[in-house]
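The values are calculated or read from the model by the stated rules, or taken from the named source; none is laboratory data. Quick caveat, the model's predicted, so the values are computed rather than measured. With ideal geometry, Cβ positions are generated from the backbone for all residues, glycine too; neighbour counts draw on all protein chains shown.
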Amino acid sequence: MIEVRGLGVTFPGTPAPVLRSVDLDVRPGEQVLVLAGSGAGKSTLLRVLAGIVPQVVDAEVTGVARVAGLDATTTPTADLAAHVGTLTQDPTDQLCLPTVLDEVAFALENRGVDPGLIGPAVHRTLASVGAAHLAGRRTAELSGGEGQRVALAAALVADPQVLLLDEPTALLDPAAARGVARAVRGAVGDGRATVMVEHRLDELGHLPARVLVLGPDGRVRADGPTERVLHDDARSLAGMGTWLPLSAELTAAGVGSLERLTVDPVPTSVPGVRVLSARGLSVRRGQRTVLDGVDLDVHAGRVTAVVGLNGSGKSSLLLALAGLLPAGGTVTGGSVGLVFQHPEHQFLARSVHDELAWGPHRARLPDVDERVSAGLDDYRLRGLEDRDPFRLSGGQQRRLSLGAMAVCGHDVLLADEPTFGQDRRTSAACADALRRLADEGRGVVLVTHDLRLVGEVADDVLLLRAGHPLALGPVDDVLADDALLSRAGLPLPAVLAASRTTGHPVRAVLRALRTATLPAPVRA
Amino acid sequence: MNRRRISLSELVLLAVLAVVSGFVYWALVQAWIALQIAMGPFGDLAQHVLIGGWMVAAPLALYIVRRPGVGIVVELAAALVEVVFLASPVGPMLLVVGLVQGAGAEAAFALTRYRRYDWGVFVLSGALAGLASTVLGMVRFGWLTQDWFAWRLGLQVASGILLCGIAAKVIGDALARTGVLDNTPLGRARRETTSPDTEPVPVA
Amino acid sequence: MTALGQALPHDSVLHRRNPTVKLAVFFVVSVVVLVPVDPWTPLALLVVAAPAVVHAGRIPWPTLGRAALLFGPFAFSLLAVNAVTRDGPVVAEVLGLEVTRTGLTVGVALALRTVLVGTLAVAFTLTTDGARLMTSLHQHARLGARPTFAVLAGYRVLEDLPGRWTTIRQAQSVRDPRHRRGTLPRDPGSLSRAAFALLVVALRQGERMAIAMETRGLGSGPRTVHRPVALDRRDAVFAALVLGVCLLVVLVTWRAGLLRTWSTV
Ligand SMILES: Nc1ncnc2c1ncn2[C@@H]1O[C@H](COP(=O)(O)OP(=O)(O)OP(=O)(O)O)[C@@H](O)[C@H]1O
Ligand SMILES: Nc1ncnc2c1ncn2[C@@H]1O[C@H](COP(=O)(O)OP(=O)(O)OP(=O)(O)O)[C@@H](O)[C@H]1O
Ligand SMILES: [Mg+2]
Ligand SMILES: [Mg+2]
């Protein structure tokens with residue numbers, strides 16, 4: 001079904017190829033999971049198979065890529081689509097039509113399917129991904145999770161022989177991610193070849209039978225049965241920064257279970273002065289109250305994590321704390337910086353250097369040059385000073401937006417989903433950066449779907465459900481309370497569940513696991 | 001000039017340009033209304049100061065996509081969006097306005113057979129767009145039979161040169177620097193002249 | 001007002017008309033009203049049109065009125081500028097400017113024309129779903145599949161724009177350490193930086209949407225439409241009726257000696 005021989009891809013203006021001599025055969029009915037670190041070329045591989053690279057996106061491609069018997073590098077993308085269903089990386093940007101029905105029907109209309117057959121097929125496919133209730137909705141009004149399900153239905157509706165999925169759960173809360181993972185599993189039908197990129201392996205529940213691993217140099221590092229590849233190569237996979245399921249991570253750490261791990265105590269952070277204080281905070285957006293009665297104190301030196309399902313009001317809370325949304329209640333305290341979820345929304349200058357200098361300039365700080373220089377080092381942006389911020393990779397953009405906010409010296413730093421879509425290594429680096437800011441004496445508030453990240457950096461946790469605070473307390477207490485978590489609708493990741501049995505504080509366990517699996521500690 | 005069929009991504013790019021320029025104009029309409037009121041009986045002249053901004057999508061589209069007709073197409077699409085989705089009080093006449101202004105802006109590029117994209121062409125394009133729009137006003141509002149015709153003409157052409165022609169090149173170059181235009185004729189042309197900023201881009 | 005490009009959420013005679021026919025009729029009427037520059041013809045048309053669209057489209061008067069307020073300043077400035085810039089018998093002097101009878105007449109005419117076309121525009125958008133119009137243009141006006149869906153993709157970008165605009169302005173404002181709680185900067189520099197970021201983000205979204213449409217087979221050959229837009233006899237009746245009434249009104253003002261054109265003012 002898929003036959004790739006000696007595939008090489010080089011993007012214009014870049015010296016090194018992204019993919020080098022990649023070979024891949026996928027038979028009908030087979031499912032393959034692609035694993036690699038950030039920027040290793042996973043999406044590029046899928047885009048070659050879908051006929052996008054080099055036909056829509058310029059690149060130099062060598063070797064052979066045949067999909068469903070057609071040459072993917074020359075067959076027009078739209079013609080290849082008769083055999084291939086594609087879900088690209090950013091779900092919100094692939095909904096192109098105003099209503100859910102039109103969106104899902106689109107692929108069938110383009111194939112000239114008899115109009116009478118389209119309606120039933122659309123409803124059937126929506127139901128198969130658990131989105132039957134969305135049939136009457138407009139696409140612009142869908143939440144991230146709902147949108148991702150509709151996009152999946154739109155890719156599946158024409159019953160393609162080949163299915164390409166690029167991080168189908170990236171933006172979802174843990175519960176919705178499991179829902180979509182189930183839908184993907186259910187959709188993997190008879191005779192269809194599937195290639196999938198996914199970071200959240202523990203949420204996936206049940207991994208595809210075969211894994212393809214790409215190395216940082218763009219070559220195939222391993223290809224074979226999932227169990228064998230993950231366990232034979234666990235150490236080197238972990239070293240490359242890819243996410244792994246818990247069992248493979250334990251193998252990489254060289255232990256059979258978390259209890260065997262040597263856990264060094266980590267210092268608990270002592271709360272410093274109170275730098276921000278919110279009382280009875282409530283926010284209305286549109287016609288609805290999306291946040292109600294939240295009390296929160298932020299202390300210097302401590303990281304507070306805010307968690308909850310999609311749409312529970314986390315981002316609204318940060319906006320209100322930063323004074324960007326009209327809110328009921330009071331917020332008092334020092335100056336507040338906010339790092340938004342999409343770095344692109346926050347860039348102001350035409351070079352990395354100017355971007356870092358922007359805040360200090362505005363604040364008329366005396367030592368702008370020193371601050372910029374420190375920012376370049378702390379956030380590993382040396383060598384990129386003259387680059388346009390929009391021209392950075394996703395991970396680099398994240399670091400820049402964090403750095404540009406950090407150099408301003410605010411008393412409080414708020415960060416919205418700072419690690420989404422990042423691999424294990426960059427995500428750990430980001431966690432370190434936040435921890436360091438707190439240790440320097442700032443107050444940090446972090447919004448995330450990744451409970452493991454919470455365990456790794458947070459001191460306190462605020463649990464939100466539908467705009468209401470469910471609990472606020474020390475991280476070890478909140479993560480230990482099953483009843484509470486299930487009321488918030490948040491399933492516990494396997495690694496946190498396992499860490500309970502060790503009897504150590506969760507941060508100490510996660511640190512130990514990280515030291516044992518990620519080679520060198522990386523600075524942001 | 002190229003004879004290849006216009007690609008879907010180019011068509012969508014034109015639609016996005018049309019929509020965003022329409023929207024940004026709409027967001028700045030407050031400023032226009034304020035200016036109109038502040039200028040009292042001369043309020044009608046406010047539109048001439050800003051007219052260039054209305055037309056910037058045409059030379060910008062030509063700069064990026066570099067094929068005949070896209071200047072007109074993008075202005076038509078912008079008009080369609082304003083009429084159909086934004087309920088413009090001008091009504092379907094806006095389609096004619098878009099056609100005429102787009103044709104004015106495009107004339108300069110047609111004269112160079114879509115081969116040259118230097119400052120001179122952009123200045124000429126803005127001036128011709130301002131001129132075309134003045135001619136249309138003569139038909140719609142009888143400007144010729146009014147006082148101030150010379151003022152109107154002068155303001156329209158000046159605004160066309162500045163806010164339409166020159167602005168289009170400035171915006172186009174800034175956009176190209178960000179990498180969003182790498183897979184367009186503008187991006188490819190810049191790569192050929194090996195500018196220093198064609199480095200890796202975040203993935204689309 | 002409803003959201004961008006969406007009809008009022010009820011049914012009416014105007015809602016049911018074919019969107020392409022509606023747009024064409026609307027277009028012809030706006031071209032016809034370019035001819036008269038006397039106040040009476042547009043006034044008479046307005047007196048007929050306003051109750052007609054309210055009735056046939058079941059549009060509440062206050063909704064229509066609120067929408068009309070939006071183009072009030074435009075109409076007023078047309079009136080003001082024409083009043084003081086045309087030759088003719090002077091009837092008054094304001095701020096040292098001569099108001100002429102001809103100027104006043106033409107000014108009122110152009111202002112009424114604006115209100116008339118504005119009213120029709122509002123009636124059109126309040127009874128027409130933008131996406132259905134595009135489907136109809138594709139079906140009935142031979143607009144190609146790729147241009148049709150490019151415009152629809154543009155419409156999706158448009159729907160997201162107001163939200164993105166706010167988000168970008170918020171995101172950029174916190175970058176300024178001196179930013180004050182509860183305010184967003186409104187200086188031209190900040191606004192144009194936000195507009196630039198908006199353009200970049202929208203273009204990137206556009207590129208991804210084009211890819212998404214292509215990977216679902218748009219443009220690979222003949223396509224079908226699963227929810228076609230109807231076009232039937234009632235649409236012909238509608239067109240004949242509207243154009244007939246319009247011509248009748250112009251005929252009446254002409255015979256009554258009230259009609260003026262640019263050549264006769
Ligand atoms: N159009 C392009 N032009 C230039 N470079 C590109 C382009 N698209 C991708 N790249 C670069 O190619 C490399 C591989 O990108 P790709 O998106 O395939 O990685 P990935 O493994 O999917 O990463 P992620 O986990 O972040 O999604 C990156 O360094 C990226 O910056
Ligand atoms: N601009 C807006 N206008 C109206 N409602 C909004 C707006 N932005 C968000 N909402 C609604 O407010 C609620 C809370 O949104 P918010 O973005 O705070 O959620 P969140 O917890 O950050 O979700 P996610 O995990 O998906 O980012 C949601 O139901 C959302 O639909
Ligand atoms: Mg990717
Ligand atoms: Mg959020």
Q | Top-ranked residue of the stretch C:164-197 - restricted to ones that are of a type in the set (Lys, Arg) and touching a strand residue (DSSP E or B) at 6+ places or on another chain (Cβ under 9 Å), ranked as nearest to the other protein chains (Cβ to nearest Cβ) | A | C:Arg181
Q. If we scan the stretch A:259-271, do we find a residue that is more than 16 Å from ligand 4 (Cβ to nearest atom), at negative phi and within 25 Å of the chain's Cα centre (by Cα)?
A. no
**Q.** Meets criteria (farther than 30 Å from C:Phe196 by Cα, within 16 Å of ligand 1 (Cβ to nearest atom), more than 14 Å from chain C (Cβ to nearest Cβ) and of a type outside the set (Asp, Glu)) for A:Leu244
**A.** yes
Q. Out of all the residues in the stretch A:106-157, which are basic (Lys, Arg) and touching a helix residue (DSSP H, G or I) at 6+ places or on another chain (Cβ under 8 Å)?
A. A:Arg137, A:Arg138, A:Arg149
Q: Filter the stretch B:176-204 down to the residues that are within 28 Å of A:Glu167 (Cα to Cα) and among the hydrophobic types (A, V, I, L, M, F, W, C), then identify the one that is modelled with the lowest pLDDT.
A: B:Ala204
**Q.** Matching residues, the stretch C:135-163, being more than 26 Å from C:Phe71 (Cα to Cα), more than 7 Å from chain B (Cβ to nearest Cβ) and part of a helix (DSSP H, G or I)
**A.** C:Thr135, C:Ser136, C:Leu137, C:His138, C:Gln139, C:His140, C:Ala145, C:Thr148, C:Phe149, C:Leu152
Q. Limited to the stretch C:208-253, what total is found for residues that are facing chain A (nearest Cβ under 7 Å) and free of Cβ contacts under 8 Å to residues at least 12 places away in the same chain?
A. 12
Q. Just one of A:Ala170, A:Ala209 is within 16 Å of ligand 1 (Cβ to nearest atom), in the same structural domain as A:Ala81 (by TED's automatic domain parsing) and over 19 Å from A:Ala497 (Cβ atoms); which is it?
A. A:Ala170
Q) Any residue in the stretch A:305-322 that is in a loop (DSSP other than H, G, I, E, B) and either within 13 Å of chain C (Cβ to nearest Cβ) or more than 16 Å from ligand 4 (Cβ to nearest atom) (or both)? A) yes
Q) Which of the residues belonging to the stretch A:436-455 are under 21 Å from A:Ala170 (Cα atoms) and within 16 Å of ligand 2 (Cβ to nearest atom)? A) A:Leu446, A:Val447, A:Thr448, A:His449, A:Asp450, A:Leu451, A:Leu453, A:Val454
Q: Count, please, the residues in the stretch A:356-368 that happen to be more than 9 Å from chain C (Cβ to nearest Cβ) and either modelled with pLDDT under 90 or out of contact with any Gly (no Cβ under 8 Å at 6 or more places or on another chain) (or both).
A: 5
Q: Could you tell me whether any residue of the stretch A:29-48 is surrounded by fewer than 18 Cβ atoms within 10 Å (Cβ to Cβ), assigned to a loop (DSSP other than H, G, I, E, B) and of a type outside the set (Asp, Glu)?
A: yes
Q.
I need a count of the residues in the stretch A:341-359 that are within 16 Å of ligand 2 (Cβ to nearest atom) and without any contact (Cβ under 8 Å) to a residue 12 or more places away in the chain.
A. 2
Q) Can you find a residue in the stretch A:194-205 that is over 30 Å from C:Arg146 (Cα atoms), among the basic types (Lys, Arg) and within 16 Å of ligand 1 (Cβ to nearest atom)? A) yes
**Q.** Single residue of C:Val33, C:Val84 found to be assigned by TED's automatic domain parsing to the domain that holds C:Ala240 and modelled with pLDDT of 80 or more
**A.** C:Val33
(Q) Cβ contacts < 7 Å: first residue buried (at least 24 other Cβ atoms within 10 Å of the Cβ), restricted to the stretch B:71-86; second residue in a helix (DSSP H, G or I) and among the acidic types (Asp, Glu), any location; separation 6+ or different chain. Result? (A) B:Gly71/B:Glu106
Q. Taking strands (runs of 3 or more DSSP E) that fall entirely within the stretch A:59-171, which contain at least 3 residues that are under 27 Å from A:Gly8 (Cβ atoms) and within 9 Å of another protein chain (Cβ to nearest Cβ)?
A. A:84-87
Q.
Quick check on this structure: which one of B:Ala132, B:Ala158, B:Ala168, B:Ala176 is away from ligand 4 (no atom under 16 Å from the Cβ) and surrounded by fewer than 21 Cβ atoms within 10 Å (Cβ to Cβ)?
A. B:Ala158
Q: Kindly provide the set of residues from the stretch A:29-52 that are more than 7 Å from ligand 1 (Cβ to nearest atom) and within 10 Å of chain B (Cβ to nearest Cβ), ordered by number.
A: A:Arg47, A:Ile52
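I'm trying to understand the selection: among the residues of the stretch C:171-194, which are part of a helix (DSSP H, G or I) and buried (at least 20 other Cβ atoms within 10 Å of the Cβ)?
C:Ala171, C:Gln172, C:Ser173, C:Ala194
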**Q.** Condition met for A:Gly13 (touching a helix residue (DSSP H, G or I) at 6+ places or on another chain (Cβ under 9 Å), of a type outside the set (Lys, Arg), assigned by TED's automatic domain parsing to the domain that holds A:Leu134 and on the phi > 0 side of the Ramachandran plot)
**A.** yes
Q: Would you check which residues across the stretch A:396-419 are within 14 Å of chain B (Cβ to nearest Cβ) and surrounded by fewer than 23 Cβ atoms within 10 Å (Cβ to Cβ) and list them?
A: A:Gln397
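Just give me the residues in the stretch A:285-327 being among the charged types (D, E, K, R) and near ligand 2 (Cβ under 7 Å from one of its atoms), in sequence order.
Within the stretch A:285-327, A:Arg285, A:Arg288, A:Lys314 meet the criteria.
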Q: Can you tell me which residue within the stretch A:328-348, out of those that are at the interface with chain C (Cβ under 9 Å from one of its Cβ atoms) and away from ligand 4 (no atom under 16 Å from the Cβ), is farthest from B:Gly179 (Cα to Cα)?
A: A:Val331
Q) Looking at A:Gly186, is it under 23 Å from A:Gly421 (Cβ atoms) and either in contact with a Lys or Arg (Cβ under 8 Å, 6 or more places away or on another chain) or not basic (Lys, Arg) (or both)? A) no
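Conditions tested, residue by residue: (1) more than 16 Å from ligand 4 (Cβ to nearest atom); (2) under 30 Å from A:Gly328 (Cβ atoms); (3) surrounded by 22 or more Cβ atoms within 10 Å (Cβ to Cβ).
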position	(1), (2), (3)
A:Leu384	yes, no, no
A:Gly421	no, no, no
A:Asp439	yes, no, no
A:Gly455	yes, no, yes
A:Ala466	no, yes, no
(Q) Every residue in the stretch A:236-276 that is without any contact (Cβ under 8 Å) to a residue 24 or more places away in the chain and either touching a strand residue (DSSP E or B) at 6+ places or on another chain (Cβ under 8 Å) or part of a loop (DSSP other than H, G, I, E, B) (or both), please. (A) A:Ser236, A:Gly256, A:Pro267
